[in-house]
1. About its Cα centre, what dipole magnitude does chain A give when the only charges are +1 on Lys and Arg Cβ and -1 on Asp and Glu Cβ, stated in debye to the nearest 20?
2. If the label point is 7 Å along Cα→Cβ of B:R59, which residues in the range B:69-90 have backbone nitrogen under 19 Å from it?
3. Counting every Cα pair in chain B, what percent are over 25 Å apart?
4. What residues have an amide H closer than 5 Å to that of B:D164, excluding those fewer than 5 places away on the same chain, when H is modeled at 1.01 Å from N in the peptide plane?
5. Based on the Cα coordinates of the range A:6-217, what is the per residue volume of their convex hull in Å³?
6. Rounding to the nearest 10 and keeping the result within 0 to 90°, find how far the Cα-based axis of helix B:35-44 lies from the longest principal axis of chain B.
7. With angles folded into 0 to 90 degrees, how steeply does helix B:107-118 sit against the dominant principal axis of chain B? Use alpha carbons for both and round to 10.
8. Given Cα pairs under 8 Å that are at least 6 residues apart, what percent is the relative contact order of the range A:6-217?
Amino acid sequence: MKPLNRLQMAWRVGQDIEDGTVVNLGLGMPVGVSDYVPHDYDVVVQSENGIIGVGPLASANAADSDLVDAGSRKVTLRAGATIIDSAASFAMIRGGHIDVTILGAFEVASNGDLANWDNRIPDKGPLVGGAMDLAASARAVWVMMEHNTRKGGPRLLEACTLPLTAVRCVKRVYTDIAVLSVMPQGFLVHEILPGISREELQRRTGATLAFAPDCKDLITPDIELPEA
Amino acid sequence: MAIEKRRATAAEAVAGIGDGATVMLSGFAGAGFANQLVAALLDLGPRNLTLVVNSATHRLSNTHELIAAGMVRKVICSAARGHDKAALSAFEVLYKEGKIELEVLPQGTFVESIRAAGAGIPAYFTPTGFGTDLAAGKEVRNFDGRDYVLEQSIPGDAALIRADLADRWGNLTFRHAQMNFGPAMATASKLVVAEVRAFSDTPIPPEQVMLSGVFVDRIFVAGA
């Protein structure tokens with residue numbers, strides 16, 4: 001089977017979002033998760049610029065330049081939404097009022113260390129935004145990222161090589177070929193893409209893997225990527 | 001004497017911001033940039049400014065014009081990365097040449113340090129950034145088994161913020177996500193100037209005021 005595309009990864013993460021929770025979705029792949037939360041769920045999406053209750057993207061004629069999310073996307077509000085200022089929004093994040101944040105990453109270590117803000121691009125200025133606040137203080141940090149770099153190197157490691165975002169914070173990792181959790185002993189595999197053996201998954205990972213007794217196939221629906 | 005905070009022009013609204021000032025600029029993701037006030041500050045031309053602004057490079061903000069004009073000595077922000085992968089932004093060019101100082105903070109630390117200044121708190125502990133490069137050299141203390149970083153507050157000489165509606169007392173309302181850093185910056189700065197869409201000749205009903213006029217010194221009605 002082909003590795004999951006980003007929409008299939010978002011679908012898989014969406015299956016684990018619980019009804020009634022408050023979630024923050026990182027820029028890039030994670031914002032796509034909200035499309036795959038069951039429609040009858042009351043899930044509150046927080047955006048760190050102060051929106052509590054982000055809805056779907058706005059249509060062209062409803063777009064409002066004052067109603068944007070943290071990724072500068074013009075969005076709508078869900079019923080029951082509120083808007084607060086940045087100080088209150090980060091009090092919400094730092095005070096432990098976010099149930100789950102889903103973040104992209106460059107690397108995750110087997111002790112839960114996260115590296116997702118500085119990939120050392122020469123001459124480009126730094127960009128940290130709210131990543132360190134979310135990683136340090138959300139009640140659960142889930143990462144979604146491709147299992148390997150474009151060059152084929154591992155992103156799941158014994159220790160991160162890139163600058164850290166926060167220490168010992170990641171609880172779960174959703175990749176294009178596996179679903180894992182971070183346990184006190186290291187990575188524990190819960191699901192593997194059919195066609196990939198445990199040995200191959202281990203070869204493509206930079207830390208020792210353990211396998212859950214109920215480890216099963218990673219199955220998602222076929223979801224086509226929109227044409228670029 | 002009756003309070004009247006409205007100023008006729010953007011130039012009058014920013015008058016007095018001088019060389020070496022620490023200037024806070026509100027705005028995030030295209031909402032809440034006081035770009036007409038920033039343009040007036042560019043015309044006024046003070047030098048050696050320290051800008052306190054979430055992004056040094058946002059394409060919908062005029063912040064980069066102040067930087068490109070050589071008016072800025074230092075930027076305190078959470079984002080300084082240009083959007084163009086091929087070319088460097090005005091900030092990045094100066095930064096690469098060592099001609100501008102940068103203090104990058106996690107966004108929550110950035111705004112909490114501003115909020116703290118406005119609340120008379122000189123420093124505070126936060127778990128954000130512990131164990132990372134951004135906390136290097138900062139004091140760490142353990143409370144109840146968790147490590148926290150000591151962060152200092154950030155006071156401003158002036159704040160340029162954008163709001164929706166104002167009355168003559170300087171009371172403000174904000175539209176949607178326009179609020180972002182405005183209220184915290186207003187409490188933390190000595191001279192607070194609000195650029196607004198419209199002016200209300202009658203007092204804004206108290207329960208609708210989102211930032212009290214006691215934190216606002218001057219109003220410039222810029223229109224939509």
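Throughout, read-outs are computed from the coordinates displayed, never taken from laboratory work. Keep in mind that what you see is a predicted model, and the values were worked out from it rather than measured. When we count neighbours, we look across all protein chains shown, and the Cβ atoms used for this are built from the backbone with ideal geometry, even at glycine.
1. Details: 20 positive and 28 negative charges, 134 e Å.
Computed charge dipole of chain A: roughly 640 debye.
2. From the range B:69-90, the list is B:79-90.
3. Details: 10049 of 24976 pairs.
Distances greater than 25 Å cover 40 percent of the Cα pairs.
4. B:T173, B:F174, B:R175, B:R197
5. Numbers: hull volume 29.6 nm³, N = 212.
Convex hull volume per residue, Cα atoms: 140 Å³.
6. 90 degrees
7. In chain B, helix B:107-118 runs at an angle near 60 degrees to the longest axis.
8. On the way: 456 pairs, mean separation 35.9, N = 212.
Answer for the range A:6-217 is 17 percent.
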